[in-house]
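The structure appears right after this line, and notes come after that.
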Amino acid sequence: MSTSPTIGFIGAGNMASAIIGGMLDSGFQADGIWVSAPDDDHLQAIRRKFGVSVTTDNRYCAQQADVLILAVKPQIMADVCRDITPVAQNTRPLIVSIAAGLTADTLDGWLGGGLPMVRVMPNTPSLVGMGAAGLYANPAVSDEQKQTVESIFNSIGKALWLEDENQLHAVTALSGSGPAYFFLMLEALEAAASEAGIPAETARGLAIQTMAGAAEMAARSEHDPAQLKRNVMSPGGTTEQAINTFEDGGLRPLVEKAYNAAMSRSREMAKELADASR
């Protein structure tokens, strides 16, 4: 872009802080970032940490922004949007929502309609710069605006675009809820290793490093996960015994069942939020 857009954040929680930190690390300028939230003490801590501009006035923050990131809980989003509607309709910023379950049409309606809108489904590893985010843009979003949003969320991990907004439910079940699936595997591996006599701290360290190493191999390799798995297995060996036990125990259908349960709940929550805000 010929001039850097001013980025505004309404909401100053952990995810907003992670995004701001990632943006600054990737070259965004602090003097082009505004943050608003009701707690001035917290805002001053944000200002001292990042050097950004802060205000307790959401409308004022919105007025400064070319890109306005809504980083508040879904339950209060309607009130926040309706409060800033006069400003948003006047300045017409790009709206970016990181709230789960609220559709672009719902958000746009609360903001008076006709605004460029991007929905983002980030995940908690964004807090350590290793996030995965699914992005959806409504038809009013320009290619230049899409590039800006992509650069923001690539600063805290990896951002990928979706053509269909409904796919965000599937993304929620994959990368949104996914970290907990891997934490469960870590928990189970640590418990099994501890039961076998390995000290708990050692078991945890080995399990975490093994998972991190496997993820890095999968990211770098030209092979798919199935081939990488086969590369570790020797006929009649220890890995083959473990994998066969997982397969015989129904791991694959259980993963599919859990994934579908998360996706269904995402759809249910979206409907509940839409109904509650009418």
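Here is how the numbers come out for the structure above:
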quantity	calculated
GNM flexibility winner over the chain from A18, A215, A261 (Cα, springs under 10 Å)	A215
Calculated [θ] (222 nm, deg cm²/dmol) that DSSP helices of n ≥ 4 give over the chain, each run adding -39,500 (n - 2.57)	-18000 deg cm²/dmol
Within the range 178-265: Cβ-based charge dipole about Cα centre, in debye rounded to nearest 20 (Lys, Arg +1; Asp, Glu -1)	220 debye
Residue with peak Gaussian network fluctuation, the chain [Cα springs, cutoff 10 Å], from I98, I19, I198	I198
Most mobile listed residue (G114, G249, G157) in the chain, GNM with C-alpha springs under 10 Å	G249
Proximal charge balance of W161 [Cβ under 10 Å; K/R count +1, D/E count -1]	-1
Residue pairs, from the table K158/K271; K73/K257; K158/K229; K49/K271, whose Cα atoms sit over 26 Å apart	K158/K271; K73/K257; K49/K271
Lys, Arg +1 and Asp, Glu -1 on Cβ, resulting dipole of the range 38-116 about Cα centre, debye, nearest 20	200 debye
The chain: DSSP helices with Cα axial extent of at least 18 Å and average Kyte-Doolittle hydropathy no lower than -1.0	74-91, 178-195, 200-220, 251-276
Computed P(r) (all Cα pairs; the chain; 5 Å bins; percent)	1, 5, 10, 14, 16, 14, 11, 9, 7, 6, 4, 2, 0, 0
25 °C / 0.890 mPa s Stokes-Einstein diffusion coefficient of the range 158-237, Kirkwood radius on C-alpha pairs, µm²/s	162 µm²/s
Over the range 64-163, relative contact order from alpha-carbon pairs under 8 Å, at least 6 apart, %	23 percent
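All of the numbers you see were taken from the coordinates with simple rules; none came from a lab. On a predicted model such as this, the values are computed, not experimentally measured, just so you know. Positions of Cβ are generated from backbone atoms using ideal geometry, with glycine treated the same way; all protein chains shown enter the neighbour counts.
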